[in-house]
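Notes follow the structure.
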């Protein structure tokens, strides 16, 4: 699938045009098995750390450095975000250079929210969190778990969503044509996907 226009593109011309926003869904990287550890405390494997950093590097290269991060509080998702941030050199304190295709990844440090509903909730709960996002946010990164994160992707674009769901460190980018409160089922087409490997 080909990518859409840069995030600065507008849905329609004129002064009242709405900027195109992006929702980035990232399933956590490969984690250690439970083996006597509470599920929420499972850490990433060595490969998982490398894959998460690769995910961050890919997001930066493609121009999807987030302005807001919504993350499950589980250890494996927090570590996935931390490693992805290192991979994309975020949260950046100075603007990053322009990226291929004319995109600019530069921005201030993203707002990070650790939300228990991402760990325990269903796709509809994740959608509620997305709708409650700061209206000024341009790119939102949601770091979560299967099945809910894959189910959310299917809810937003059932035609193009991956039938088997996201693999560990799988990324899918949905285009949001309007404000965050307006996101509905079947309203956010997939523009790109990627499985990061370090």
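List of remarks:
- Residue 122 satisfies every condition listed in (1) at pLDDT 95 or above; (2) under 29 Å from residue 46 (Cα atoms); (3) surrounded by 15 or more Cβ atoms within 10 Å (Cβ to Cβ) except (3).
- Verdict on residue 156 being modelled with pLDDT of 95 or more, within 13 Å of the chain's Cα centre (by Cα) and crowded, with 18+ Cβ neighbours inside 10 Å: no
- The single condition among (1) at pLDDT 95 or above; (2) in contact with a helix residue (DSSP H, G or I) (Cβ under 6 Å, 6 or more places away or on another chain) that residue 87 does not satisfy is (1).
- Restricting the stretch 5-56 to residues that are within 16 Å of the chain's Cα centre (by Cα) and modelled with pLDDT under 95, the residue that is nearest to residue 184 (Cα to Cα): 20
- Among residues of the stretch 18-64, those that are free of Cβ contacts under 8 Å to residues at least 60 places away in the same chain and part of a loop (DSSP other than H, G, I, E, B), counted: 11
The values are calculated or read from the model by the stated rules, or taken from the named source; none is laboratory data. Values in this document were obtained by computation on a predicted structure and should not be read as measured data. Neighbour counts are summed over all protein chains in view; Cβ atoms, including those assigned to glycine, are modelled from backbone coordinates with ideal geometry.
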